[in-house]
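> Below: one structure in structure tokens.
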Amino acid sequence: MSPTRSLYRQLADDFATSIRGGTLKAGERVPSVRELSRDRGLSLATVVHAYEVLEAEGFIETRPRSGFYVSGAWQTTPRAAREAPVRPREPRTTRVDVSELVFQVLESVRDREVVPLGSAFPSPVLFPLARLARCLSTAARQMNPWSTLDDLPPGSAELRNQIARRYLRSGARVSPEEIVITSGALEGLNLSLQVLTRPGDIVAIESPAFYGCLQAIEALRLRAIEIPTLPGEGADVAALARILRKHPVRACWLMTQFQNPRGALMPEEAKKELVALLEKHDTALIEDDVYAELYFGRRPKPAKAFDRNGRVLHCSSFAKCLAPGYRVGWVAAGRFATALQRRKIMSSLSTSIPAQDAIAIYLREGGYERHLAGLRRTFASQQAAALASLTRHLPPGFRVIRPEGGYFLWIELPAGHDAIDIHAKALEQGFSIAPGPIFSAQRQFRNCLRLNYGHEWSAAFDAAVRRLGEIVRTAARAAA
């Protein structure tokens, strides 16, 4: 077991020992997640995951709107069942076929009359679009005709320098020469996959995974092998190690920070362990890091910060944090920069030069940090409002992890609920959700759904969650 993963297990074992020994007695309240996080110096996600383990093993129970309490259920659970090691399901490679389901869901959430809880995008009104428009106008007026040649891939030298300087804030050493500007992060991710793989190759991905990852693997006729993604810890590095010993994995595609859909943030030690593991197996990492700027506490380091041999292709964009619709992203491609640059030329030749220049002007003029600080505060506030709505309106028994950044919540309903059916009923009632199966190569997570809190949490959003609660209750009664 990896040292990183054992953090939550160690915490759970400490509490289990105290409960077995009588230090903590049935009915007593245990510290809140926030209290224990502060006292033990652990992340909120680590404490939440430890409490999930304790609850599953019968040591504690949740009382709605009250907190966690010691349970006596562990005493009636056979010791062998509690202490038997968890045997992970043997991973298998999968031919991916999810696009039709994804397109059906995405088409349904484009209606402006539908409350966009299932959307993948934050509200466009949160971004400085008027100022960006002025920067775009300036860029168009001042555009040097020769830039149509000079700024072909790898892209605008000024913008690549600006991006390289921002990497210093996250502790990563990235040269402008390894940065290739792309038409959004998704193009960068797809180009990275094309550079690293050939049809039939195996790619290790998260489970659940970003559906764009699944669609890219499907389009390139690759095979996926899924790595469990833990709610509080991100991709399970120990599980990946087992996979790499048994399968010829050509590349890994992981979202290490505020993962879509689960919101998980890999701890820095896990990222170090991940990079060292991939170095050992000579395997490249495509690091999808589009939510990196949307942290609520301390700025986390990407896995790229621990890459010393150019095996990490770090992909990001300005779409989620500054300029939606401008389609300006990039890849810090390490040793693969030349190959990726050539692939970009073959694919789409160039990213819009005025759009590159407009963002470079915005960054040069200042104000980006102030904008980001306000955006983070807004998302944190909207997350709190969304969680309050879920607590008010959903029936007991659901699970939700409070992520430390981004704008998604991953909801796990009791077994037996069908998120595809909930999605259809939600649309009938004027709101959307993102059903769990679109995030899995094997159509798993049938009882899970993703909600978006990247829009102002208005009365309409609260009412949509109330209707979601009614749908869930009705389904539970019908199944009883």
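Here, each number is a calculation from the coordinates, and none is a lab measurement. Since the structure is predicted, the reported quantities are computational estimates derived from the model, not experimental observations. All Cβ positions, glycine included, derive from the backbone under ideal geometry; neighbour counts span all protein chains shown.
> Mind giving me the nanometre distance, one decimal, between the label points for A73 and Q10, set 7 Å out from Cα along Cα→Cβ?
With each label placed 7 Å out from Cα toward Cβ, I get 2.8 nm.
> Now a separate question. Test of understanding: what is the full-extension gain from R377 to R20, defined as 0.36 nm times their sequence separation minus their Cα-Cα distance?
Values: separation 357, 0.36 × 357 = 128.52 nm, distance 4.19 nm.
Computed gain between R377 and R20 is 124.3 nm.
> Once phi is turned into ³J(HN,Hα) by the Karplus curve 6.51 cos²θ - 1.76 cosθ + 1.60 with θ = phi - 60°, what whole-Hz value does each residue of region 197-202 show in order, with x for glycine and proline?
Using θ = phi - 60°, the values come out as 10, 10, x, x, 5, 9 Hz.
> Here's a follow-up. Let's test the formula: R0 of 56 Å, r as the Cβ-Cβ distance of S348 and R40. What FRET efficiency results, to the nearest 0.05?
Values: r = 49 Å, r/R0 = 0.88.
E between S348 and R40, to the nearest 0.05, is 0.70.
> So who's got an amide H within less than 5 Å of the one on T197, skipping anything under 5 residues away but keeping other chains? H placed 1.01 Å off N, in plane.
Those lying under 5 Å, H to H, from T197: there are none.
> Next question, about the same structure. Give me the percent relative contact order of the chain, please, defined on Cα pairs under 8 angstrom at least 6 residues apart. If you can, show how the numbers build up before the last one.
On the way: 865 pairs, mean separation 95.1, N = 480.
Relative contact order comes out at 20 percent.
> Another question, then. Restricting the calculation to Cα positions, tell me the Rg (one decimal) and the Dmax (whole number) of region 123-218 in Å.
When restricted to Cα atoms, region 123-218 yields Rg and Dmax of 17.3, 48 Å.
> Using alpha carbons only, how many degrees (0 to 90, rounded to 10) separate the axis of helix 353-365 from the longest principal axis of the chain?
In the chain, helix 353-365 runs at an angle near 70 degrees to the longest axis.
> Give me the count of lysine pairs in the chain whose alpha carbons sit under 24 angstrom apart, restricted to pairs 8 or more positions apart or on different chains.
16
> Just to check I understand the Karplus step: with θ = phi - 60° and J = 6.51 cos²θ - 1.76 cosθ + 1.60, what whole-Hz values come out for region 28-33, glycine and proline as x?
The phi angles translate into 6, 7, 9, x, 5, 4 Hz.
> For q values of 0.14 Å⁻¹, compute log₁₀ I(q)/I(0) with the Debye formula on a Cα-only model of region 128-368, without solvent.
Calculated log10 I(q)/I(0) at the listed q: -0.87.
> Separate question: Please provide three numbers in whole Å: the alpha-carbon extents of region 393-480 along the principal axes, with the largest listed first.
Dimensions of region 393-480 along the principal axes of its Cα atoms: 35, 29, 23 Å.
> Return the long-range amide H neighbours of S71 (sequence gap of 5 or more, or a different chain), with a cut-off of under 5 Å between placed amide H atoms.
G27, I60, E61
> Show me, for region 446-454, the HN-Hα J-couplings you get by feeding each phi into the Karplus relation (A = 6.51, B = -1.76, C = 1.60, θ = phi - 60°), rounded to Hz, glycine and proline as x.
4, 9, 10, 8, 10, 10, 9, 10, x
> So, counting K/R as plus one and D/E as minus one, what does the shell of residues with Cβ under 13 Å around S137 add up to?
+2
> What do you get for the angle between helix 419-428 and the principal long axis of the chain? Use alpha-carbon atoms, 0 to 90 degrees, nearest ten.
In the chain, helix 419-428 runs at an angle near 70 degrees to the longest axis.
> Could you pull the Cα extents of the chain along its three principal axes, largest to smallest, in whole Å?
76, 51, 42
> Report the paramagnetic label zone for N144: residues of region 156-175 whose backbone N is under 15 Å from a point 7 Å from Cα along the Cα-to-Cβ axis.
156-161
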